[in-house]
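One structure is given here, and the rest of the page talks about it.
Nothing in this text is a laboratory measurement; each read-out follows from the coordinates by a stated rule. Keep in mind that this is a model prediction, so the values were computed, not measured. FYI the Cβ positions are ideal-geometry reconstructions off the backbone, even for glycines, and counts take in every protein chain you see.
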Amino acid sequence: MKKNKPVLTVKDLNVVLGEQKIIQNLNFTVHEQDVLVILGPNGAGKTTLLRALLGLVPHTGIITWNKKKIRYLPPQELINKKTLLPLSVREFFSFKNISPRKITSRIKQVGLKKSILDKPLEHLSTGQFQRMLIAWALLDNPDVLLFDEPTAGIDIGGEETIYSLLHKIWKEKKLTIILVTHHVHVVWEHASSVLCMNKKLLCHGAPEKTLTKKVIEQTYGVGAKLYDHRHSV
């Protein structure tokens, strides 16, 4: 199957913070309309990788983007709803200077009711807040979406719903998605390619070819299980 054009090319990426090597000699390519799932244990450098791709941390190597409209949703633990300004969802979205009609459309697109626009941000559940942030990112019609643990703090049922929502948006918008998670099952459900890392690259390619028992053990340790939950789309 012929690959689409590259959206992102990473060559010899290294990140050193203090005296600690966080990422070592990472090389990979992401193509248009890929859903790249980045797997790795805690401390593997996954979040640092996303931040390096956006130029938010010092690094060496070459990072080449062939798209300009890139949006990043950080992990929810970095966003404390209680410290946000006392705004309603509608007031929060007004900073975008987008028509109310388009805002309502995006809110509905992510499975939220229009009535949530009048709800204070701090009163949103974790799942509602995550959907709201996805709607916020979609307002700019991005070409690439970067997600860092989008289901952190959400119950298992809600996790599946969020991932299904991202899959639906990917199909409708023909986006490129780069998704950090430690949930292996997400690969079989939604990924077109997978990158396993633990400071350095352990695998990169189509899941069915690269995500072997040996790779899982290298990534998460001996004894880690490989469950193939592939469903037809």
By average Cβ neighbour count within 10 Å, what is the ranking of 55-65, 101-111 from highest down? 101-111, 55-65
Given the Cα-Cα distance of Lys209 and Thr60 and 0.36 nm per residue of separation, how much length would full extension add, in nm? 50.7 nm
Give the calculated FRET efficiency between Glu172 and Lys69 to the nearest 0.05, with a Förster radius of 22 Å applied to their Cβ-Cβ distance. 0.85
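Among 127-140, 7-20, 196-209, how do they line up from the highest to the lowest mean number of other beta-carbon atoms within 10 Å? Walk me through the numbers on the way to the answer.
Working: 127-140: 20.3, 7-20: 14.8, 196-209: 16.9.
The peptides rank, most packed first, as 127-140, 196-209, 7-20.
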Which value in nm describes the separation of the simple spin-label points at Lys119 and Ser99, placed 7 Å from the Cα toward the beta carbon? 2.6
Once both axes come from the Cα atoms, what is the angle between helix 100-109 and the longest principal axis of the chain, in degrees from 0 to 90, rounded to 10? 50
List the extent of the Cα atoms of segment 78-141 along each of their three principal axes, largest first, rounded to whole Å. 28, 22, 22
Which of the lysines could be linked to Lys21 by a straight reach, that is with a Cα gap under 19 Å, when you skip same-chain ones fewer than 8 residues away? Lys11, Lys46, Lys199, Lys200
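Only helical DSSP H runs with n ≥ 4 go in: add -39500 (n - 2.57) per run for the chain, normalise by residue count and round the 222 nm mean residue ellipticity to 500 deg cm²/dmol.
On the way: 8 runs with 73 residues, N = 233.
Rounded to the nearest 500, it is -9000 deg cm²/dmol.
Can you tell me what percent of all Cα-Cα pairs in the chain are more than 28 Å apart? Can you show the working numbers first?
Numbers: 8750 of 27028 pairs.
Across the chain, Cα pairs with separations above 28 Å total 32 percent.
Mind counting lysine pairs for me in segment 78-141? Cα separation below 17 Å, and the two need to be 8 or more apart along the chain or on different chains.
Details: Lys81/Lys119; Lys82/Lys119; Lys102/Lys113; Lys102/Lys114; Lys108/Lys119.
Number of lysine pairs found: 5.
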Quick query: amide H of Lys200 versus all other amide H atoms, modeled in the peptide plane; which residues come in under 5 Å with a sequence gap of 5 or more or a different chain? Gln24
